[in-house]
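Working notes, beginning with the structure itself.
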Amino acid sequence: MKFSPIIILLLFTHLLSAQTKNLQVEPNHSTIGFSISIAGFSVVTGKYTDYEIFMEWDDEDLSNSKIISEIKASSINTGIPDRDDHLQSSDFFDVEKFPLITFESDSIQQVNFSNFEAHGKLTMHGITKNLILPFQIVKADGNVIGFKARTTINRLDYGVGSEFQHTSMPEFLADVVEVQIDFWTRKRKE
């Protein structure tokens with residue numbers, strides 16, 4: 001996937017200290033997933049299959065650390081093609097008009113030994129809002145670092161499906177979406 005110039009978002013040129021590791025996600029061993037309650041009866045899960053996440057990680061000075069991600073909204077996959085087509089339509093993500101979902105951290109803070117928070121901006125469906133993304137380091141070995149993030153996002157804050165009405169159930173979709181991100185990194189090729 002080629003990164004668009006808008007979302008490369010500085011590509012870390014200002015973060016080149018000796019302690020900083022230039023990392024990118026290993027997509028074959030990573031997942032950006034989500035789940036949403038359907039009418040309170042069930043839960044639909046899905047994931048995005050086309051994304052990139054870059055990190056600058058400085059163990060000694062977190063102020064030199066940064067996370068930048070870009071997800072192709074059209075890569076949404078719930079396992080049912082008709083539903084995925086509907087989610088890509090103007091009823092929901094409107095991927096023709098808003099092809100990318102992006103996150104860029106402004107700062108990273110350590111909460112305790114293995115828990116961190118990335119404070120930054122999430123842009124989805126043309127709307128940008130501040131987001132605090134809590135995450136954990138699961139395991140670290142050189143340039144291979146395993147991360148786990150769990151959070152919730154209110155889809156209506158981003159106008160995703162805000163006008164959608166199910167034909168027979170008034171509260172068909174929950175407003176809150178659970179987000180599950182699991183990934184490991186490798187050294188970025190310069």
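The values are calculated or read from the model by the stated rules, or taken from the named source; none is laboratory data. Remember, predicted model here, so these are calculated numbers, not experimental data. All Cβ positions, glycine included, derive from the backbone under ideal geometry; neighbour counts span all protein chains shown.
Couple of notes before you dig in:
- Filter result for LEU62 (at pLDDT below 95 and either over 13 Å from the mean Cα position of the chain (by Cα) or at positive phi (or both)): yes
- Meets criteria (touching a helix residue (DSSP H, G or I) at 6+ places or on another chain (Cβ under 7 Å), farther than 30 Å from HIS166 by Cβ and part of a strand (DSSP E or B)) for GLU56: yes
- Each residue in region 134-190 was checked for being among the aromatic types (Phe, Trp, Tyr) and over 23 Å from ILE108 (Cα atoms), and 3 of them qualify.
- For region 19-39, a residue qualifies if it is β-branched (Val, Ile, Thr) and within 19 Å of the chain's Cα centre (by Cα), and the qualifying residues are VAL25, THR31, ILE32, ILE36.
- For GLU70: the one exception among (1) free of Cβ contacts under 8 Å to residues at least 40 places away in the same chain; (2) charged (D, E, K, R); (3) assigned to a strand (DSSP E or B): (1)
- Scanning region 85-105 for residues that are over 18 Å from GLU117 (Cβ atoms), in contact with a Gly (Cβ under 9 Å, 6 or more places away or on another chain) and crowded, with 16+ Cβ neighbours inside 10 Å gives LEU87, PHE92, PHE93, ASP94, PHE98.
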